[in-house]
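Below is one structure, written out as structure tokens, with a few remarks after it.
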Amino acid sequence: MVDEIGNIAKKIDHALLHPTLTDEQIVNGCELAKAYRVAAVCVKPYSVAQAVEVLKDSNVSVCTVVGFPHGNISIEMKLVEAEDSIKEGATEIDVVVNVGKVMGGDWVYVEREIFEVNKLVVGKGAILKVIFETDYLDDVQVIKLCEISSRIGVAYVKTSTGFGFVKQEGGSYNYKGATDHFLRLMREHCPESISIKASGGIKTRADALRVIGLGVGRIGTSSTKGILDEC
């Protein structure tokens with residue numbers, strides 16, 4: 001079980017992204033991540049410096065998000081956000097694609113966006129994870145994003161933000177997150193050099209083991225304590 005705990009922990013990006021989280025809760029979340037020795041914390045952009053300070057004596061990386069959660073800002077603003085966060089100390093950037101451009105089939109724009117952000121991030125010594133927001137997409141669109149990301153050579157492709165809520169028939173909103181179907185599709189259509197990050201709905205040890213078995217290299221979750229305590 002000790003090996004299992006370590007194996008799962010080193011694949012977890014502990015998510016601290018809910019809009020209501022206070023500075024105190026961010027610090028507490030970083031302390032939890034340090035205690036459980038996870039791969040990274042993923043914080044809101046304004047919390048990067050705070051997270052860097054808390055985690056300075058640990059091996060936990062600091063990740064933040066760009067264009068979060070809907071990917072709708074311009075390419076230029078995504079570059080500004082990414083550069084600013086790296087200056088603050090982030091070493092991993094999770095960028096949300098422009099979902100409207102994806103769904104509209106403007107693949108020239110989408111490829112330019114991912115290329116430009118990846119170029120900046122890698123040039124600054126960080127790594128890029130590209131968030132597809134699969135709840136909005138079909139198989140063809142996901143495959144196309146995998147092909148583009150593979151050509152560019154990003155570090156990770158990622159399923160979801162955890163905030164990509166889709167309107168249901170009754171008028172309520174919900175999301176599925178990291179489904180087995182899309183994880184398999186992403187693994188199939190990306191080379192081994194690109195890792196898969198599963199995010200959205202992973203709350204238990206069984207969930208974590210299942211997605212790891214599908215070839216996932218990172219797990220984005222706010223349920224870190226529950227998952228690892230189960231182990």
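The values are calculated or read from the model by the stated rules, or taken from the named source; none is laboratory data. None of these values were measured; they are calculated from a predicted model. Glycine gets a Cβ as well: all are built from the backbone with ideal geometry, and neighbour counts include every protein chain shown. Each accessible area value is taken on the protein alone, full model and side chains, heavy atoms only, with ligands, DNA and RNA left out. Shrake-Rupley method; radii C 1.70, N 1.55, O 1.52, S 1.80 Å.
Beta carbons closer than 6 Å, at least 6 apart along the sequence or on distinct chains, pair a first residue in region 89-116 that is within 17 Å of Ser150 (Cβ to Cβ) with a second that is of a type in the set (Gly, Ala, Ser) for Val95/Gly67; Val97/Gly71. When residues in region 15-24 are screened for being surrounded by fewer than 16 Cβ atoms within 10 Å (Cβ to Cβ) and in contact with a helix residue (DSSP H, G or I) (Cβ under 8 Å, 6 or more places away or on another chain), 1 of them pass. Within this structure, Ile202 passes the test of being surrounded by 14 or more Cβ atoms within 10 Å (Cβ to Cβ), closer than 20 Å to Asp94 by Cα and in contact with a Ser or Thr (Cβ under 7 Å, 6 or more places away or on another chain). Of all the listed residues (Gly177, Gly153), the sole one being touching a residue at least 40 places away in the same chain (Cβ under 8 Å), open to solvent by less than 40 Å² (accessible area, probe 1.4 Å) and within 27 Å of Lys44 (Cα to Cα) is Gly177.
Considering the conditions (1) open to solvent by 10 Å² or more (accessible area, probe 1.4 Å); (2) in contact with a strand residue (DSSP E or B) (Cβ under 8 Å, 6 or more places away or on another chain); (3) small (Gly, Ala, Ser), Gly125 is excluded by exactly one of them, (2).
Determine if region 131-145 includes at least one residue that is open to solvent by less than 10 Å² (accessible area, probe 1.4 Å), of a type in the set (Phe, Trp, Tyr) and in contact (Cβ under 8 Å) with a residue 24 or more places away in the chain.
yes
With a requirement of 2 or more residues that are among the charged types (D, E, K, R) and crowded, with 17+ Cβ neighbours inside 10 Å, the strands (runs of 3 or more DSSP E) lying completely within region 25-122 that satisfy it span 92-96.
For Gly171, the conditions (1) open to solvent by 40 Å² or more (accessible area, probe 1.4 Å); (2) free of Cβ contacts under 8 Å to residues at least 12 places away in the same chain all hold with the exception of (1).
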